[in-house]
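Undergrad: Encoded as structure tokens, here's the structure I'll be asking about.
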Amino acid sequence: NHVTPQALQEFLTALNEEIHERADWGEVADYIPELADVDPAQFGIAVVLAHGTVCSAGAASKGFSIQSVSKVFSLGCVLGRIGEQIWTRVGREPSGSRFDSILLLELEKGRPRNPFINAGALVVTDELLTGRTPRDALSEIIGYIRAAAGDDDIHIDKAVAQSEEKTGDRNRALANYLKSYGNLKNPADYTLGTYFHQCAIEMNCLQLANAGRCIAGLPGAPMLLSETRARRITALMLTCGHYDESGDFAFRVGLAGKSGVGGGLLMVAPDRASIAIWSPGLNETGNSRAANYAAERLAQFTGWSIFG
Ligand code: GLN
């Protein structure tokens, strides 16, 4: 499946036009008031190929709130810090439930099913916070993302973090519930504050695609993850990266991806490419409608499905 940069670039340019013609944008997330103001009719895509060539189209340099895409990097960070011990606190199974569901937490006694649903991500962030101030834990996460992207110009949008802080009652419930089972080490407010800020990191598609190089195992990527860990994070992205739509994403696209309610999608084609797509309008499962469509079209065009 050799795709030339030129053919890929032509494809992306045409895809951007197709997405705008379709105009099937979905609804922006409105439970975080600051995200409710974003115009859904936007689309960007960036693909970093194995030898560093970058192809992009649309609003690829426009910043957006990465939200749950940050969970891929906080997981990388915590694995670097405490290694496989994290799996005593969080599982590796798809949840089949919404990203903010509390349902399985009771059945499974406070051990979230995976690190990409909110409850699991709260546990990961709580671990990163242990022994540090929220400020230091956040510097570690953002430092990791900057190193992965090779770009220091990546910041937290404080207005988005504060906006979620005001309306984050469901996450507050999850954190307190985890605490009741002894699976939260820090005061719930500290863990939640750190988590809301981590989700409020702003990046554009070009930065995000660069940050995904270490997960895709591209030559020349910063050495932040061992091959084994990159492979395992990819497995979790495939099985859990789209919450209760993960099976459908694997069925339609055949690549590992992690979504966020800001409309971002980070996708990896192991050894081939790191891909970031953004369109803020969401479907019913909280995944970007146009980004999912674009991912499917890209996988068809490139033949990069991991299933052959
Ligand atoms: N910050 C968001 C939340 O906790 C992240 C969710 C998401 O992107 N799916 O609700």
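The values are calculated or read from the model by the stated rules, or taken from the named source; none is laboratory data. From a predicted model like this one, the values you see are computed outputs, not experimental measurements. Quick reminder, even Gly has a Cβ in these numbers, built from the backbone with ideal geometry, and neighbours come from all protein chains shown.
Undergrad: Say whether the condition of being under 20 Å from ALA230 (Cα atoms), touching a residue at least 12 places away in the same chain (Cβ under 8 Å) and either surrounded by fewer than 19 Cβ atoms within 10 Å (Cβ to Cβ) or more than 16 Å from the ligand (Cβ to nearest atom) (or both) is met by at least one residue in region 39-47.
TA: yes
Undergrad: Go through region 152-161 and count every residue that is buried (at least 16 other Cβ atoms within 10 Å of the Cβ) and either among the charged types (D, E, K, R) or touching a residue at least 60 places away in the same chain (Cβ under 8 Å) (or both).
TA: Qualifying residue count for the region: 2.
Undergrad: Further question on the same structure: Please give the helices (runs of 4 or more DSSP H) falling wholly within region 147-239 in which 1 or more residues are in contact with a strand residue (DSSP E or B) (Cβ under 6 Å, 6 or more places away or on another chain) and over 23 Å from GLY110 (Cβ atoms).
TA: Of the helices (runs of 4 or more DSSP H) lying wholly inside region 147-239, those with at least 1 residues that are in contact with a strand residue (DSSP E or B) (Cβ under 6 Å, 6 or more places away or on another chain) and over 23 Å from GLY110 (Cβ atoms) span 158-167, 188-199, 205-211, 213-216.
Undergrad: Follow-up question, since we're still on this one. May I ask you to list pairs of residues, at least six apart or on different chains, whose Cβ atoms are under 9 Å apart, with the first in region 72-89 being part of a helix (DSSP H, G or I) and the second being aromatic (Phe, Trp, Tyr)?
TA: VAL72/PHE116; PHE73/TYR144; SER74/TYR144; SER74/TYR195; LEU75/PHE116; GLY76/TYR144; CYS77/TYR144; GLY80/TYR144
Undergrad: Moving on to the next point. Can you tell me which residues in region 175-221 are closer than 19 Å to HIS155 by Cβ and of a type in the set (S, T, N, Q)?
TA: Correct list: THR194, GLN198, ASN204, GLN207, ASN210.
Undergrad: Can you name every residue in region 262-308 that is buried (at least 24 other Cβ atoms within 10 Å of the Cβ), within 13 Å of the ligand (Cβ to nearest atom) and within 20 Å of ARG98 (Cα to Cα)?
TA: Correct list: GLY262, GLY263, GLY264, LEU265, LEU266, PRO280, LEU282, ASN287, SER288, ALA291.
Undergrad: Here's a follow-up. In region 202-213, is there at least one residue being under 24 Å from ALA60 (Cβ atoms), over 13 Å from the mean Cα position of the chain (by Cα), of a type in the set (A, V, I, L, M, F, W, C) and surrounded by 15 or more Cβ atoms within 10 Å (Cβ to Cβ)?
TA: Yes, that holds for at least one residue.
Undergrad: What about THR234, is it free of Cβ contacts under 8 Å to residues at least 40 places away in the same chain and touching a Pro at 6+ places or on another chain (Cβ under 7 Å)?
TA: Here the answer is yes, as THR234 does meet what is asked.
Undergrad: Among the residues of region 4-19 satisfying the criterion of being surrounded by fewer than 18 Cβ atoms within 10 Å (Cβ to Cβ) and touching a helix residue (DSSP H, G or I) at 6+ places or on another chain (Cβ under 9 Å), which is nearest to ALA159 (Cα to Cα)?
TA: Checked region 4-19; the qualifying residue nearest to ALA159 (Cα to Cα) is GLU18.
Undergrad: For region 162-191, which residues satisfy the criterion of being among the charged types (D, E, K, R), surrounded by 15 or more Cβ atoms within 10 Å (Cβ to Cβ) and either more than 12 Å from the ligand (Cβ to nearest atom) or farther than 25 Å from LEU35 by Cβ (or both)?
TA: Within region 162-191, LYS179, LYS185 meet the criteria.
Undergrad: When only residues in region 68-103 that are of a type in the set (A, V, I, L, M) and within 16 Å of the ligand (Cβ to nearest atom) count, which is nearest to VAL124 (Cα to Cα)?
TA: Looking at the filtered set, the residue picked out is LEU75.
Undergrad: Which residue out of ARG81, ARG146 is modelled with pLDDT of 95 or more, over 17 Å from the mean Cα position of the chain (by Cα) and assigned by TED's automatic domain parsing to the domain that holds LEU178?
TA: The match here is ARG81.
Undergrad: A further question follows. Go through region 104-121 and count every residue that is farther than 21 Å from LEU282 by Cβ and not in a loop (DSSP other than H, G, I, E, B).
TA: Residues that pass the stated criteria total 4.
Undergrad: Given the criteria of a type in the set (Ser, Thr, Tyr) and either within 22 Å of PHE43 (Cα to Cα) or outside the structural domain of GLU93 (by TED's automatic domain parsing) (or both), does THR234 qualify?
TA: Against the criterion (of a type in the set (Ser, Thr, Tyr) and either within 22 Å of PHE43 (Cα to Cα) or outside the structural domain of GLU93 (by TED's automatic domain parsing) (or both)), THR234 qualifies.
Undergrad: Take the residues of region 49-67 that are part of a strand (DSSP E or B) and under 17 Å from the mean Cα position of the chain (by Cα): which is nearest to GLU18 (Cα to Cα)?
TA: The residue in question is PHE64.
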